[in-house]
Structure formats: C-alpha cells, structure tokens
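Any read-out appearing in this document is the output of simple, stated calculations on the displayed coordinates, not a laboratory observation. Keep in mind that this is a model prediction, so the values were computed, not measured. Every residue, glycine among them, receives a Cβ derived from its backbone with ideal geometry; neighbour counts consider all protein chains shown.
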Protein chains: 2
Amino acid sequence: MAAAAAEQQQQGFRPLDEASLVAYIKATPALAARLGGRLDALTIKEVGDGNLNFVYIVLSDAGSLVIKQALPYIRLVGDSWPMSRERAYFEASALQKHRALCPDHVPEVYHFDRAMSLIGMRYIEPPHIILRKGLIAGVEYPLLAEHMADYMAKTLFFTSLLYNSTTDHKKGVAQYCDNVEMCRLTEQVVFSDPYMLAKYNRCTSPFLDNDAAAVREDAELKLEIAELKSMFIERAQALLHGDLHTGSIMVTPDSTQVIDPEFAFYGPMGYDIGAFLGNLILAYFSQDGHADQANDRKAYKKWILKTIEDSWNLFHKNSELLRLAQKKYMTSLFHDSLGFGSAKMIRRIVGIAHVEDFESIEDASKRASCERRALNCAKAILKGRRQFESIGQVIVHVQSFDRD
Amino acid sequence: MAAAAAEQQQQGFRPLDEASLVAYIKATPALAARLGGRLDALTIKEVGDGNLNFVYIVLSDAGSLVIKQALPYIRLVGDSWPMSRERAYFEASALQKHRALCPDHVPEVYHFDRAMSLIGMRYIEPPHIILRKGLIAGVEYPLLAEHMADYMAKTLFFTSLLYNSTTDHKKGVAQYCDNVEMCRLTEQVVFSDPYMLAKYNRCTSPFLDNDAAAVREDAELKLEIAELKSMFIERAQALLHGDLHTGSIMVTPDSTQVIDPEFAFYGPMGYDIGAFLGNLILAYFSQDGHADQANDRKAYKKWILKTIEDSWNLFHKNSELLRLAQKKYMTSLFHDSLGFGSAKMIRRIVGIAHVEDFESIEDASKRASCERRALNCAKAILKGRRQFESIGQVIVHVQSFDRD
C-alpha cells in the first residue's frame, strides 16, 4: 500500500470500546436502522473468543446486530505479532460474495467501514451456537452435512473457472492477493511450524513430546506437506473461506451459518473442504475424552462419521457442479480442436503437402478461389477460436466465407 | 538407440519388391494362414499413394492381407529427406492399442516385423475407398459422423488420464516419445514452414502468392500458431492417431476404418479432432471446384456441414467420456481435500493454535491419548491420500485408529 494511503487509513482508525461503539452506531444510519432506531438502552456484550478480533453483540428492544473490529495484531499472541487490519476488508468482501452465491448459509453484512476495519452484520441469534461447542456437547445436527455440502459447492464452484470467465477470475485473484499477510500466517502455522522446532508450537507435554518430535523427523511427511504448501500458494482455483473449521460455523438443528472468512483468498478448493472434514475427524477422536457414565458417546461418534461421509458424498453428487466440470473440460477441448483444425487447413494450402480435394480441380484460377476461401476461413478461426461456443456457430462462420 | 542395436536392425532390413514379398509371406506362418495357405497364385498390387511408405495388397483365392513397409526416407520427397523406419513400430503399436479400444473402426494387425519395418494387416476390401476420394466424388456417408465420434471418444479418452493411472500414462508417454522424428516432421510442416519462406512450401501460384505472403506477415496468426505448437509438443494428453485427415479413413456407407497412425504420439486431443474437422472443412470449400451442370454440389455441401456438426456434437455428448471427465476432476479434488484436511489436523495437535475439542479434556493423559490417535490417523492420510477411492474408505481408515 502507498505510504500516504496507509497513513490516511491509520488516521481514520481508532479501536472502539463499548462507549465509543454506541456513539459510532448512532452516527451510522445503516446500523441504527437495524436496531429500530432504539439506541438509548442498548445491551452490548464483547464475545470475541477467536484468535484475532473484537466482536460485540448489540441488542436493542427493536433489533440486533454484531460489530466486528480487527486490530492491527493477532489477539491470541498480542501486539508482538502484528497483522494487517485489512483482513476486515477481505472478510466483508468474501461474506458479501459468498452470500450472493449461498444466502441460506452466509449472514448478511449491513455495513463496512474500511478505515475503521469494522464490519456490522447480522447477529446470529440463539439457539445458534458455534458448531465446535455443539460437537463437544454431543449434539447431533441432522442437516449439517447437507447444508455444508451446499455451501461448499456453491461458494467454491461459482467462484472458479468452472463458472467464471478468465478475465473475471483474474480480477478476483488480484483483489485477494493483497490478503497475503493472512495467507502467510496460514503457511506458517499450518504448513511450516508443526514440522520444525518453532517458538509458538505446543503439545500435550510430556505425553506427546515424542510424537511431536516424530512429526519433525518424518521426511516423507515433510515432502507431502511441502507439496500441499506449494499448491496452497500457487493454485488460484476458487475464492476460499480460508479457515473453514468447526469454530467458523454456527448451528441449530435447522440452520447452518458460516462466519469469519477473514482468511479468504483464491486457493485450492480442497483446502476448505479439508478444513471442514479434518475438524470433524478431530471432533471424532476427542469424543472418548468427553465420554462419561451417562453417555459413552459411541452413537455420537457414529453420527460424526456419517456426517463426514454425507458431506463429501452430497458435495460430490451436486449435479450443477458436475455439469460445470464437464462444460469446462469440453469447452477447452473444443477450442483446442478448432485451433489445430485451422492450422491443418492452412498448411494444406501454403505448405508442402497439399490435398487432392483441391489438387484435383484442374482450373488453377478456380482452384485458387476455393483455396483462398478456405485459407481466410481458417485464419479467422485460428485467431478467434475462443469466441466460439458451439459447433453450430463454427458452421455459420464457415458458410460466411462461402460467397459465390 | 544404442549404436549396436541400430546396426543389428539395419542388418535385418531389406526393402521388399513383389518377388521377395512372396518369399517373405511363405516364410511367415501368421501371414500365410491369412491367405489360407494358397500361396502359389497370389495377386499382388502396390498401392502406396501416401507420402511415406510402400503398401502391397496381397490376394489369394482363399484370403487377403495388406503388407506395409516403411523405407528410411519420406517417399514424397525421396531419399533427400531421411526418416526413421521406426515409424512402422509406432504405427503397429497404435493400431493394436486403438483396436483394443475401438475394434469397430480400427483394422486388425496380423503380423509385425520390427527389423523389416513391416506390418501385415487386414485388407480393407472394396467397396471401401479412401474418404477423401469419396468426398471429391460427392458421396454421402450417413454413419460417418457417428463412427468418427465413437472412434475419437474411445481412442482419446481411454488413452488419457481420464481413464489411466499416472504410472500407466507415463509408460505410454515414454514409449511414444521415441517417435520424435515424426513429431518433428509435423512441427515443421504444420506449425513452422507455412508461416515462413521455406524450401518445400508451395501454393496455387500466381493466384495465391499474395495470400501466402500475408500468412507469413501476420503477427497475430504467428502468435497463435506458436501457442498451438507449444501445446502440440508439451501436452501429453492422450495417444493420438497423429494424422487423422480424410486420407487416413476408409469408408463405405456402412463402415468406417481408420488407418495409418504412423505419426502416433501422446499429444493434445484437439490435434486429432481438429485434423478430422479441418479436413472436412477443406472438402467443403473444394466442392465449388468440382461442381458441374449435372451436380451443383449444394446439397452435398450441406451434408458436409452436417457431418462436421454431428461429429463434434456426438463426441461431446458421449456419456462415458463425460463421466470420466467428472470422475477425474472430483478424484483430484478428493485427494486435495484429504491432504489439506490432514494438514489441518496435525497443526491443531503440535502447532500453535489448538482446538477446544481436545483442550476441554481436563485429564492430560487422556487428552494426549485422544490426540495421538488423531495425529497418527492424519499422518497416514496425508501420506496415503491418493490411495483412497471413496469417503467410505476414509471412514474405515479413521475407525482403524480408534482402538479403545
């Protein structure tokens, strides 16, 4: 970011507390309206239990909302680990983009203030709770697999080249490239630190000390993680949530809402899908630690496994995404075929080996006239092949060179 | 090829004429049998009208076959343009491979002699003629589009990664890499020479002199052809026929037989599809030169266009290939998801940010025991993710780490 812009933005920023938050809401019509204008007896509660931000629930007797503000460091570690407040911009942008694609499972953004790194959004009301807490409590969510398969299919496939043009895709990729600090954080804490001695690593010591050392000494594992790290950085396949663990999902038995996409970027689809499934497997293995005489958790473990299986299978069977995958493959093959086909035509007219179709026309002037039409037709196809959407359009194009 | 092997092969080689051909057949049981052993009154006819080889039709009163021998130069140009006889090996190999995938449209190979660069194969009997000659004569082939769509779908998709394992695919790629001389010939005559002043270029002069010059001076066209040339060389997508023009196809109204795959190599599928469609378009533009008072060829031109359209559309709609394209895409995404999912699990146990699922287990020994199972499960998935074919297999794998 240019220094002037950075300074200007710095100038507009101040961390809010409960008192200044009220003043901010009063000065912001889009937020005041969501509280029905009843701003004199607000209930405000700070609930940011994540690693990064401050989150306030704001209730009036006529409405509700959530205010989320990013501070310029990682809350979990403190100001010793600075982190760009611009993550709030990427979170707001991703929420809006994903909500447009999947309104059932992404909350509405009411207001975004880039200078303040502040998002005003829907309060996802009780009985919604964070999915991770529901998993620890042993609560079944019968629609979770279906909802998450739908969310992943819609947000991933419709932000990929399966659906978008190259130009639009590259615009999106460029926009989210600036979320590089968050990506670097992920690279470090997911793909690097666990495989080396690193300051902030920890494990259940002393019981897992040897296991952690074994991870650091496993060459095959390190090779695999290096491959995934490359893919994570290089492969701009779709606009990911970027942190799709069970703490980023709020649930009731009927509703599933995905929040907190501040790590959003264009990356490999498998990163989001893997985050969700991997965290369900973690929940599975933690169940034995939560079992007691009243509940051995065995039935619940079965439900978790079924949810993992259903989530992938429903995602996999999503007919829309399969149609898109087909279309993408076949369109690319179609344009290759048109390119090579026109190259083969051109060489038969001005190259070494000609074809009997033309050679057998004895009148050279007449032959040349036929050949010229074929040549001009082929040149136009070669240059414009990516514009054709069907063979029917190619046929019309061929005929347009055939004026008698 | 090692010098010793090259010399040995050279020693075993002798160009056949009609007399020595009969002796060769008599000494070769696989060929003699196809003639019903009636070898005393053979009819032999040399019919190689192509650019490269000698071709003999051999008939007895009890059978028939074709003998094709490659000579160490290009027949069209003469011995001033040497060309490896090994092309016969690639032709025989490709015929056998493609026939296994598409027996209806690829003739049987009876015998192959690598030292002699000699193929004995089915005589594709009259009324079969070369498709190009049928197109010049104005003959309609109502099943041509359907047959060629079937041939292209089967030979291309089943020799690609849509169907084969990486290991098998790379074996095939390595085998056909040695057909490099034929590929270099194509590079030169299709992708290079027509766009520059080159010794063997010709055109219908003087009528097309300016058109040929315009091709050589068209920067945009040259950029496009350079891109296709790269793809032709680099992209080992499927085992191509490599020269799928209308002179490589023999037809009757009921039968379509694809011959002469001596240019076979692993390249972009679009090269074969484009060769076929491009040559149909050439046939289309040549029709006006063949029109006369008895036949204005207008109806025939419509049939050619319909054949182009149907060929692509039937290829495109082949349900088997669509299924394979889907499967390939989804399998790759599945393995990515498993890789990233296990990376996310590992980092939650030995990295900086842990999860409440485990953290809320107060007994550290019990917590460690749960975590160790999750860690070992994740390590095994990360290393072996490409072995999983369904989420059900992953579930079984997860459970195997869950011994109480």
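Below are the figures for this structure:
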{"read-out": "Rg [Å, one decimal], Dmax [Å, integer] - the protein assembly as shown, C-alpha atoms", "value": "33.8, 114"}
{"read-out": "Shielding of A:130-143 by partner chains, average beta-carbon count, 10 Å", "value": "1"}
{"read-out": "Over 21 Å (Cα to Cα) - which of B:K154/B:K222; A:K170/A:K328; B:K133/B:K298; A:K199/A:K222 fall in this group", "value": "B:K154/B:K222"}
{"read-out": "Chain lengthening between A:R14 and A:I44 when straightened (0.36 nm per residue, less Cα-Cα)", "value": "9.0 nm"}
{"read-out": "Cα-projected label distance for A:S255 with B:E227, points at 7 Å along beta-carbon direction, nm", "value": "4.8 nm"}
{"read-out": "Evaluated at q = 0.15 Å⁻¹: base-10 log I(q)/I(0), Debye formula over Cα of region B:127-317", "value": "-1.04"}
{"read-out": "Approximate spin-label separation B:R323-B:D104, in nm, with each point projected 7 Å along Cα-to-Cβ", "value": "1.6 nm"}
{"read-out": "Cβ crowding within 10 Å averaged over residues, with B:330-337, B:315-322, A:156-163 ranked highest first", "value": "A:156-163, B:330-337, B:315-322"}
{"read-out": "Backbone HN-Hα couplings from phi across region A:152-167 [Karplus 6.51/-1.76/1.60, Hz, Gly and Pro as x]", "value": "5, 4, 5, 6, 7, 6, 7, 10, 10, 5, 4, 10, 8, 6, 4, 4"}
{"read-out": "Given charges at beta-carbon only (K, R positive; D, E negative), |dipole| of chain A in Debye", "value": "1120 debye"}
{"read-out": "Vicinal HN-Hα couplings computed from phi for region A:56-69 (Karplus, 6.51 cos²θ - 1.76 cosθ + 1.60; Hz; Gly/Pro x)", "value": "10, 8, 10, 10, 10, 7, 10, x, 7, 6, 10, 10, 10, 10"}
{"read-out": "Separation between Cα centres of region A:278-353 and region B:104-155, rounded to whole Å", "value": "39 Å"}
{"read-out": "Loop sites in region A:151-245: GluC sites (Glu not before Pro), DSSP, at most 16 other Cβ within 10 Å", "value": "A:E217"}
{"read-out": "Sorted largest first, extent of region B:116-192 alpha carbons per principal axis (Å)", "value": "44, 32, 29"}
{"read-out": "Placed amide H near A:N53: partners under 5 Å, 5+ positions off or other chain", "value": "A:R75"}
{"read-out": "Straight-distance crosslink candidates among lysines, where the alpha carbon sits under 16 Å from B:K171 and sequence neighbours closer than 8 are dropped", "value": "B:K97"}
{"read-out": "Within 10 Å of each Cβ in A:283-294, the average number of Cβ atoms from other chains", "value": "6"}
{"read-out": "Nearest-20 debye value, the protein assembly as shown charge dipole, Cβ charges on Lys, Arg, Asp, Glu", "value": "80 debye"}
{"read-out": "Kirkwood Rh, angstrom, region A:67-215 [1 / mean 1/r, Cα pairs]", "value": "18.6 Å"}
{"read-out": "Theoretical FRET efficiency, 1/(1+(r/R0)^6), r = Cβ-Cβ of B:Q96 and A:Y200, R0 41 Å, to 0.05", "value": "0.10"}
{"read-out": "Summed side-chain charge close to A:E224 - residues other than A:E224 whose Cβ falls under 11 Å, Lys, Arg +1, Asp, Glu -1", "value": "+3"}
{"read-out": "Gain upon complete extension [A:E146, A:K302; 0.36 nm per residue less C-alpha separation]", "value": "54.5 nm"}
{"read-out": "Sequence-distant residues sharing a close amide H with A:L118 (under 5 Å, placed H)", "value": "A:D113"}
{"read-out": "DSSP-assigned coil residues among trypsin sites (Lys or Arg not before Pro) in region B:172-220, each with at most 12 further Cβ atoms within 10 Å", "value": "B:K199"}
{"read-out": "Among A:Q399, A:P72, A:A115 the positive-end extreme of the charge dipole of chain A (Cβ point charges)", "value": "A:Q399"}
{"read-out": "Prolate/oblate/rounded label for region B:74-149 (Cα gyration tensor, a/c 1.5)", "value": "oblate"}
{"read-out": "For A:A145, net neighbour charge (Lys/Arg +1, Asp/Glu -1) across residues whose Cβ lies under 10 Å away", "value": "-3"}
{"read-out": "Equivalent ellipsoid dimensions for region A:335-404 as semi-axes, Å, which come from the Cα gyration tensor, largest first", "value": "23, 14, 8"}
{"read-out": "Added length on full extension, which subtracts the Cα-Cα distance from 0.36 nm per residue, A:S80 to A:V139", "value": "17.5 nm"}
{"read-out": "Furthest towards positive pole of dipole, A:M152, A:Q293, A:M83, structure part chain A, Cβ charges", "value": "A:M152"}
{"read-out": "J(HN,Hα) series, region B:222-231, from Karplus relation 6.51 cos²θ - 1.76 cosθ + 1.60, nearest Hz, glycine and proline x", "value": "5, 5, 5, 5, 5, 5, 5, 4, 4, 4"}
{"read-out": "D (Stokes-Einstein, µm²/s), Kirkwood Cα radius, region B:171-251, 1.002 mPa s at 20 °C", "value": "145 µm²/s"}
{"read-out": "B:F265 long-range amide H proximity, modeled H, under 5 Å", "value": "B:L240"}
{"read-out": "Shielding of A:359-369 by partner chains, average beta-carbon count, 10 Å", "value": "5"}
{"read-out": "Where labels lie 7 Å past Cα in the beta-carbon direction, separation of B:V22 and A:R184 in nm", "value": "8.4 nm"}
{"read-out": "Counted charge near A:A88, where neighbours are those whose Cβ lies closer than 9 Å (Asp, Glu -1; Lys, Arg +1)", "value": "0"}
{"read-out": "Net dipole in debye of region A:118-166 [+1 Lys, Arg Cβ; -1 Asp, Glu Cβ; about Cα centre; nearest 20]", "value": "180 debye"}
{"read-out": "Per-peptide average of other Cβ atoms within 10 Å, ordering B:362-368, B:292-298, A:53-59 highest first", "value": "A:53-59, B:362-368, B:292-298"}
{"read-out": "Region B:51-157: GluC sites (Glu not before Pro) in DSSP loop, at most 16 other beta carbons within 10 Å", "value": "B:E108, B:E140"}
{"read-out": "Shape metrics for region A:1-123, restricted to C-alpha atoms - Rg then Dmax, Å", "value": "14.7, 44"}
{"read-out": "Helix-only [θ]222 nm of chain B, DSSP H runs n ≥ 4, -39500 (n - 2.57) each, per residue, nearest 500", "value": "-16500 deg cm²/dmol"}
{"read-out": "Square roots of 5 times each gyration tensor eigenvalue, C-alpha, chain B, largest first, Å", "value": "51, 28, 23"}
{"read-out": "Diffusion coefficient, µm² s⁻¹, Stokes-Einstein with Kirkwood Rh over alpha-carbon pairs of region A:206-264 at 4 °C and 1.567 mPa s", "value": "88 µm²/s"}
